Amino acid sequence: MDKSIEQYIQKHKINANALIFRDWESFLHILYQNNGRVEMIIWYEYCRINEQQIGMGGYIDIENNGFMWAETQLFESGLHEKPINEILEYISKMRKEYSDYALYPEFYLHQT
């Protein structure tokens, strides 16, 4: 993996286990500029702990006491051949479709 991608991940991911970013759009731009690709996106609901509506268990937000990233059953796979503009369109479409929830994408990277 390109060093600039690794550095961005280490500095900006929300925890050690998941590629979820508050500024996910910047991550995508760095990823695609450095020949990386997304394989799958799993959606997380950002919400108060114990107030998940479509999410289940997940990760505590260490920067915002009382909030969490709750994993949903929403996902899309097979994205590695899609250009960045189609990934951005997909994310925008999902966030509009589920606008009652604060959804954030978790990225699984394509391994070559």
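The values are calculated or read from the model by the stated rules, or taken from the named source; none is laboratory data. Just so you know, these numbers come straight off a predicted model, no measurement behind them. Here the Cβ is made from the backbone with ideal geometry for all residues, glycine too, and neighbour counts use every protein chain on show. The area values use the complete protein model at the heavy-atom level, side chains included, leaving out ligands, DNA and RNA. Shrake-Rupley method; radii C 1.70, N 1.55, O 1.52, S 1.80 Å.
Below are the figures for this structure:
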read-out: Neighbours by Cβ (under 7 Å, 6+ apart or cross-chain): first from the range 29-43, over 19 Å from residue 76 (Cβ atoms); second surrounded by 18 or more Cβ atoms within 10 Å (Cβ to Cβ) and not hydrophobic (A, V, I, L, M, F, W, C); value: 30/8
read-out: Qualifying residues in the range 46-69 (those that are farther than 20 Å from residue 12 by Cβ and assigned to a strand (DSSP E or B)) - the one nearest to the chain's Cα centre (by Cα); value: 47
read-out: Test: residue in the range 77-94 that is of a type in the set (Gly, Ala, Ser), crowded, with 18+ Cβ neighbours inside 10 Å, more than 12 Å from the chain's Cα centre (by Cα) and within 21 Å of residue 5 (Cβ to Cβ); value: no
read-out: Hey, residue 41 of a type in the set (A, V, I, L, M, F, W, C) and assigned to a loop (DSSP other than H, G, I, E, B) or not; value: no
read-out: Condition check for residue 55: more than 19 Å from residue 27 (Cα to Cα) and at pLDDT below 95; value: yes
read-out: Residue identified as on the phi < 0 side of the Ramachandran plot and without any contact (Cβ under 8 Å) to a residue 24 or more places away in the chain among 53, 7; value: 7
read-out: Residue tally, condition among the aliphatic types (A, V, I, L, M), under 14 Å from the mean Cα position of the chain (by Cα) and exposed (fewer than 13 other Cβ atoms within 10 Å of the Cβ), over the range 1-45; value: 1
read-out: Search result, residues across the range 55-66 that are surrounded by fewer than 17 Cβ atoms within 10 Å (Cβ to Cβ) and either touching an Asp or Glu at 6+ places or on another chain (Cβ under 8 Å) or acidic (Asp, Glu) (or both); value: 56, 57, 63
read-out: Failed item in (1) over 21 Å from residue 92 (Cβ atoms); (2) of a type in the set (Val, Ile, Thr); (3) in contact (Cβ under 8 Å) with a residue 60 or more places away in the chain, with residue 62 passing the rest; value: (3)
read-out: Qualifying positions in the range 70-112 - assigned to a strand (DSSP E or B) and aliphatic (A, V, I, L, M); value: 70, 74, 102, 103, 109
read-out: The listed residue being open to solvent by 40 Å² or more (accessible area, probe 1.4 Å), among the hydroxyl-bearing types (Ser, Thr, Tyr) and in contact with a helix residue (DSSP H, G or I) (Cβ under 7 Å, 6 or more places away or on another chain), out of 108, 104; value: 104
